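Here the structure comes first, spelled out in structure tokens, and everything after it is commentary.
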Amino acid sequence: MTPTTQHPIRVGILGAGPVAQAIHLPTLSRLGEDFRVTRVMDVDAAVAESVAGRVGAAWTTDVQELLEDPAVDVVAVCSPHPFHAAQVIAAMRAGKRAVLCEKPFAVSGDEAREIAEAAAETGVPIVVGAMHAYDHGWLAVSEQPFAPTSIRSSIVLPPNPRFEDFATEVLARPAMPGRNPHDPEVAAAAVSGGVMGLAIHDLPLIREALSWGDPDAWRKVRVVGAEPLAPFGYLIHLEAGGVPIELHATMSENWNPDWRLTVTGADQEIGVEFTPSYVQAGSGTGRRFASGRITEFTPADFNGYEGEWRHFADIVRGGEQRIPTAELIDDLVFALEIAEQAADTARAALAAAA
Amino acid sequence: MNAAQLTVDADLTAAAHGAVDEVIASLPVSLAPARLPRVELIALSGSSEDWPTRLAVVAREGARGVTVVAPTRPADAGPDRIPVVVDYEYASNPAVPGAARAASKIGAALLEIRATAVREVTERALLLDLFALARRLGGSPVASSRVVLESDAFLAIRGRLADGRPLLVNVSRTSARTPGAEARMLGADAGLTASFPAPSAARPARVVISDFDGARTLPTLYETSHRATWRRLRDLVHAGGTATDLADLAADDAALPPHD
């Protein structure tokens, strides 16, 4: 990344919940020469004040006040998903130098198109916080593309608080709602939420891998099976351009995380074993199996979150946006299509069984 | 030859696929190559269409025990007075019983089995092997299954064990990795992962249990599935016992997904 002889980039944070507290603030604390948090906004005044106080920033409960603050160069959108698109667009139109938005940066195709229009109009670069797209493990194994014959994303995690509590001391943790697993609408919401909340970490990578065999494969998505898994998770089978894909996640009290993405081809395979979200545990470990050899790539000392912030600093200082906005839009459309089809499939399966 | 030693004969395919000569060489006190007319144990290739007929013949002719190697179909009936065991590449791995004991304490919500295979492997034999592995690890037979995704290189089967637990079986055909099967059972607060290499090199299975105390690897067993199968047959013969392998095979076959 660009050597930092310049002043730190001044960051305003919209939404100061667990993601901002346990992911972004600890990451930014490792990049103190590049970034300084100057303003924190949250609808809960006590949370905003407390979180801002941790980094010596000003605080507010008003989005506009933060966007109009001349002491804010760039905006990190960490609010709940439904607010992402409007806040990203508002930050771009407010003349900020760049926007980093937590994934997903919109929850509908219409919102995605509005973001694309605003980006084209303002020229403000965007980084979506899909940390695995910036994870050294993935960047290493994806250097030698091949046509995939199957793809598997498997995520086994304990509940987020286990890792949040290693990263920070969380204020105002939202409660998990109780669910009736036999209700078709609950099942639909569970798999759809699972796609947009968990699978979405790996979907940009899956879309990239699909493109190695067929640039348009991701546009030909067909979900053939989707169901929620107890106590929380999903199992989704789909194919895209003829490539079978399995998306699997479970979240339970088992402490042992196991987060893997595997891309298999006729005569080679790549895989990344990712470190859990929230904690600072370096990058994932990438492995390539080909030609009778197993190549393991040394993990980096920083994770994908830090990777995305490092890249963000590069962009703000004039570097090229590694993932163009049009690609970010396609990533979102891909995820939304899978989420929608998976919800329909899960709903129909449960309704048929009733 | 000692009195307890059993003589073994095998058809050519069974001898090759079941590594029968290697097994005899590694159990030299228990087993010996057959010299007519004394043939006590027989290995039949399960890939032969007429293996059930040949089984009936060898039983009638006085065999004391039979190993069926990698069957692709069940037998309608089998001899009820001698033990007949099935030699699977993965389900017969000697680490399976220990893994199953550990798994029984996990209360897993989902059982996953994933196999990496070369393109030439007979799919039906592999699936019967994986269903047997599911039954032995899960402690419950597969009750039903259906194909959810299928291509030239990949097969995904969603099933259910007889006790109601969901089952996922995948087969990936690639030359990128050595053949093997992996199993994973995830429970509410514990989990088990197991890798079963194909028996060609006797690489040991690796079984890891994680629970609230940490993670524990079960002792490695440097024995092939083939050798473990023959030890089991030997013990059954000496004990005068029989096996449920043929009935289990028939049940597994009935639970395979419908195919064209």
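Each residue in B:Leu31, A:Leu328 was given a count of other beta-carbon atoms within 10 angstrom of its own, and listing them fewest first yields B:Leu31, A:Leu328. For the protein assembly as shown, the percent of C-alpha pairs falling in each 20 Å distance bin, counted from 0 to the bin holding the largest distance, reads 19, 46, 25, 9, 1. Neighbouring Cβ atoms from other chains, within 10 Å of the Cβ of residues in B:173-180, number 6 on average. For segment A:29-102, taking Cα atoms only, Rg and Dmax work out to 11.8, 32 Å respectively.
Using the average count of surrounding beta-carbon atoms within 10 Å as a protection proxy, the listed peptides A:150-157, B:87-94, A:55-62 rank, highest first, as B:87-94, A:150-157, A:55-62. Against chain A, whose longest principal axis is taken from its Cα atoms, helix A:203-213 shows a tilt of about 50°.
When you filter the GluC sites (Glu not before Pro) in segment A:10-112 for DSSP loop state and at most 16 other Cβ atoms inside 10 Å of their Cβ, you are left with A:Glu33, A:Glu68. About its Cα centre, the protein assembly as shown has a charge dipole of approximately 1740 debye under the convention of +1 per Lys or Arg Cβ and -1 per Asp or Glu Cβ, with nothing else charged. In segment B:96-217, the alpha-carbon atoms span a convex hull of 103 Å³ per residue. Size of chain A: Rg and Dmax of its alpha carbons, in Å, are 19.9, 65. Here segment A:273-329 is treated as a Stokes sphere of Kirkwood radius computed over C-alpha pairs; at 37 °C and 0.692 mPa s its diffusion coefficient rounds to 244 µm²/s. Altogether, the Stokes-Einstein calculation at 10 °C and 1.306 mPa s, with the Kirkwood radius of segment B:17-151 over Cα pairs as Rh, returns a diffusion coefficient of 94 µm²/s. Global dimensions of chain B from alpha-carbon coordinates: Rg and Dmax equal 18.2, 58 Å. Per the Kirkwood formula applied to alpha carbons, segment B:1-48 shows a radius of gyration over Rh ratio, Rg over Rh, of 0.98. Looking at chain B alone, DSSP beta bridges between its own residues are antiparallel in about 65 percent of cases. Arranged from fewest to most other beta-carbon atoms within 10 Å of their beta carbon, A:Asp34, A:Asp344 become A:Asp344, A:Asp34. Taking every DSSP bridge with both residues inside chain A, close to 60 percent are antiparallel.
Look at A:Phe232, B:Phe212, A:Phe35 and count the other Cβ atoms within 10 Å of each Cβ; fewest to most, that gives B:Phe212, A:Phe232, A:Phe35.
Bear in mind that the values in this text are calculations on the coordinates, not laboratory data. Note that the coordinates shown come from a computational prediction; the quantities given were computed from them, not determined experimentally. Please note: Cβ atoms are built from the backbone with ideal geometry, for glycine as well, and neighbour counts cover all protein chains shown.
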